[in-house]
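Asks: Please see the structure below; I have some questions.
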Amino acid sequence: MKLCKKMIALLSLMIIFCLFFGPVSAVLQEFAIMGPVTKVMPDTNQINVKRAYEWNGNTWVSSKFPNTYTGTVPDKELFDYIFQGDQVQAASLGGYGGEWIAVGKIANSESQEKPLMEVFGDPSFLPSFLWNGATTIRSYGYKIEFTTTPDCNLCEGSTCTALSADVTAYEKLVNKWVAFETKLMVPGETYLFDTPSNDQYDILVTFVSGQASASECSSMAIGPQPVSNFMIHVSQKKVPATPVETATPTPLPTTCPPTPTPATPTPATPTPGFTGSIAITGILGAALFLVSRR
């Protein structure tokens, strides 16, 4: 009897807890560090990152313990863009390293905002926005935000496989973010976000795979937050090719030119031949003989 009363009391407490606090979700603590890549290991799909700075939720602060951490990368294509010595931001859940859920290559380390040129993994876990070629005195840039739609037939704990992602690109204008394009993307799809024409860079986004919260499918989803996998490249706009001027060819005649009329030949003046020359010589000789007789 006492056992039944204890069970009833326990169930009552659980019901009250659910009513007041809603679905339970064991969200893991997020960690973000910034520093150089000290080693790349493509064979094991890992990189080492030195924790020179750490994100305290509001800003980057120098780390009191600049340790180096090893973690697997979100995608092997990272090794084509990030190398030993590059300055990066790296994020993980539940502790430092182990598995990097996002890695971003810093484009301009002199800028206070530390804008990113390449991102692999989930961009929502990295504090900095994307670079647009700005100088150190400007803070304008881009960012990518997304929401995923769950496949309720493929759920485990607090997450489900994402059917698609609504991806929105933003541009920072002075002190506010302005969306300039939204694209519905499915896993494996790549899309080029064409930034405003006065900017010199575009954003190439690949939605590799994703997770969505299972709260849309179940009211009792328990587990860590969803993580998605993107590849984001800030690439320079392609300059349109300048058309080359070519000479206009001379058109061929459509009719045949008239046949020229041959000129009438002028008769040549006859010249004395050999026989004529002998006759003239004889006459001259006879004349001279008659003159001498006289």
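The values are calculated or read from the model by the stated rules, or taken from the named source; none is laboratory data. Just so it is clear, the structure is predicted and the values come from calculations on it, not from any experiment. For neighbour counting, all protein chains shown are included, and Cβ atoms are generated from backbone atoms with ideal geometry for every residue, glycine included. Just so you know, the surface numbers come from the protein's heavy atoms only, side chains and all, with ligands and any DNA or RNA stripped out. Shrake-Rupley method; radii C 1.70, N 1.55, O 1.52, S 1.80 Å.
Asks: Between their Cα atoms, which of LYS76/LYS237; LYS39/LYS237; LYS50/LYS237 are more than 27 Å away from each other?
Replies: From LYS76/LYS237; LYS39/LYS237; LYS50/LYS237, over 27 Å: LYS39/LYS237; LYS50/LYS237.
Asks: Considering only DSSP beta bridges with both partners in the range 107-199, what is the antiparallel share in %, to the nearest 5?
Replies: 95
Asks: Using the heavy atoms of the protein chains and a 1.4 angstrom probe, tell me the accessible area per residue for the range 105-186 in square angstrom.
Replies: The answer is 49 Å² per residue.
Asks: What length, rounded to one decimal in nm, is gained on full extension from SER219 through to ALA179, with 0.36 nm per residue of separation minus their alpha-carbon distance?
Replies: Gain in length upon complete extension: 11.2 nm.
Asks: Can you list the residues, at least 5 places off or on another chain, whose amide H is less than 5 Å from the amide H of CYS217, using H built in the peptide plane?
Replies: Amide H to amide H, under 5 Å and 5 or more residues apart or across chains, CYS217 pairs with nothing.
Asks: Taking N as the number of residues in the range 174-236, what value does Rg over Cα atoms divided by 2.2 N^0.38 Å take?
Replies: For the range 174-236, the normalised Cα radius of gyration is 1.48.
Asks: Ranked highest first by the average count of other Cβ atoms within 10 Å around their residues, in what order do 81-91, 98-108, 66-76 fall?
Replies: 98-108, 81-91, 66-76
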